[in-house]
Amino acid sequence: MGVSRLDVFYRRLLLTKLFIGGWGKPEDLKRIFEFRKIIGDRERCRYLVPKDYPVYINKTEEHTDCKIHEGFFISPLEHLVPGILPPEAVKARFQFIVPKRWQKNRPVCVHLAGTGDHFFWRRRTLMARPMVKEAGMASLLLENPYYGYRKPKDQLRSCLKNVSDLFVMGGALILESTVLLRWLEREGYWPLGMTGISMGGYMASLAVTNWPKPIPLIPCLSWSTASSVFTTGVLSKAVNWTELEKQYAINSVYEEEIIKLLEYCGADSFKMGPEFSKNVDPLEHLLGLSGDDRASVAQNSKAGGEAEAERGLLIGGSPEGGRARVDQLLSSVNSSGMSLDTLPRSLHANSTLCEKKTDSAKFYRPSLHKESISFMKGVMDECTHMANFSVPVDTSLIIVVQAKEDAYIPRTGVLSLQEIWPGCEVRYLNGGHVSAYLFKQNVFRQAIYDTFDRFCLKYPNLH
């Protein structure tokens, strides 16, 4: 199956880069990976969030068809991994859209936000309000960390600054979803379920792996891992590989320490080596690039080479900015525990620009680009691969909605959700990611209704 041309075209309209800050602090990555071991095991984290965790409603609006409550609580991640969240993201905010008249029971679906879905308007307008009208179903919209009111001041729009930010977001949303599901139970709502579109579908899936009871799950336009999104999908073109490769080459902690913490070793793991390389090489084919574009990708994929050396990929290019970048580089190397004696002579203060260009090649290694992609796959799989988390209690209550020609969520080279969650249902739509997001909201809502109906038939007394 090919990829949607609309997906490729839409991606080309977006000029901002992802992960401009790099991988994130090594110590943060270590803390996240250690916490992943706990949160990936449902039994180990059964009591991480108290059943009476405080949730507050601070505003209510009356509408003709519904009430819209606004509320907040402190993210449990702040208590469990202090300081890992940016200060702006510590307070979790949500909207709760409740029908004035219930049709049957008091069902609530929790919606997690997709990429670029700041605040609540989009989910409220396209999903929650129609669900009130069509099915008398309430919706709870949780705002993701790093989005809306929870966006760090130094973050540009939706572009996460560090790779580690995505993992922090996932850990926070797993715990925050647990808080909200338990609060809804206390308030007498039933049945409860979870959904999300694109990244929201990933996050909803992660949250459900942690829930100790059967629960409807409807992930839309998402799949088994986020690794393919950033290594072979069209969004891989938005990743700031220059900065990631530079940090990976300079700071040995990534390949000497961090990589040893990666435990996921499934059939599609980066540890399988050549098999993943086969799936990385045809990137330009997956993106549907023209001949000129392919030449550009081939040139960039050298991760240095003569063109990158001339631009000073690792130590900065211009004479004016060279000294500052060299000082920064020296600081980075010192913090990694390396000796200055091991640095090229060009990095000392008296080096000439010519020497800098020559010695920058000493940091360059031909395999650096593929090594960085492989490392990205490894860290992404560690924290987002569904096989690295507990299997949901009842997989027959999962309906996945996928686009056949999705260029954002590649399914090639990764385990399928049916392999990881035997018994789940996958529904395929014609077209790609963007067209499905824009025009298939009714299909997503129908999958939600079908899954909730299935739950009520199977567990009529599970209150």
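Things worth noting here:
- Placed amide H near VAL239: partners under 5 Å, 5+ positions off or other chain: LEU18
- Distance between the pseudo-spin-label points of ARG427 and PHE9 (7 Å out from Cα toward the beta carbon): 2.7 nm.
- Overall, the anisotropy analysis places region 91-206 in the prolate class: the square-rooted eigenvalues a ≥ b ≥ c of its C-alpha gyration tensor yield a/c not less than 1.5, with a/b exceeding b/c.
- Gain on full extension, evaluated as 0.36 nm per residue between ILE57 and GLU256 minus their Cα-Cα distance, stands at 66.9 nm.
- Among the protein heavy atoms, those of LYS161 account for about 70 Å² of accessible surface (1.4 Å probe, every chain in place).
- Taking every C-alpha pair closer than 8 Å and separated by at least 6 residues, the mean separation divided by the residue count of region 1-157 gives a relative contact order of 19 percent.
- Here the gap between ASP154 and GLU70, fully extended at 0.36 nm per residue and compared with their Cα-Cα distance, gives a gain of 27.6 nm.
- Hydrodynamic analysis of region 382-433 uses the Kirkwood radius over alpha carbon pairs. Inserted into Stokes-Einstein at 37 °C and 0.692 mPa s, it gives a translational diffusion coefficient of 272 µm²/s.
- Ligands, DNA and RNA aside, SER205 has an accessible area near 0 Å² when probed at 1.4 Å.
- Packing-based ranking, highest mean first, of 28-41, 54-67 given that Cβ atoms within 10 Å are counted: 28-41, 54-67
- Shape call, region 142-281: gyration tensor on alpha carbons, a/c limit 1.5: prolate
- Region 136-218: GluC sites (Glu not before Pro) in DSSP loop, at most 15 other beta carbons within 10 Å: GLU187
- Solvent exposure, largest accessible area first (probe 1.4 Å, DNA, RNA and ligands not counted), of HIS118, HIS369, HIS111: HIS118, HIS369, HIS111
- Computed from the alpha carbon atoms alone, the convex hull of region 1-116 holds 258 Å³ per residue.
- Residues of region 147-170 with amide N under 14 Å of the 7 Å Cα→Cβ point at TRP121: 148-149
- Violating pairs (Cα-Cα greater than 22 angstrom) within the set LYS37/LYS161; LYS51/LYS91; LYS30/LYS213: LYS37/LYS161; LYS30/LYS213
- Extension gain (nm, one decimal) between ARG44 and SER367, 0.36 nm per residue minus Cα-Cα: 112.4 nm
The values are calculated or read from the model by the stated rules, or taken from the named source; none is laboratory data. Treat the numbers as computed from the prediction; the structure is a model and nothing was measured. Neighbour counts are summed over all protein chains in view; Cβ atoms, including those assigned to glycine, are modelled from backbone coordinates with ideal geometry. Ligands, DNA and RNA are excluded from the accessible area calculation, which covers all protein heavy atoms including side chains. Shrake-Rupley method; radii C 1.70, N 1.55, O 1.52, S 1.80 Å.
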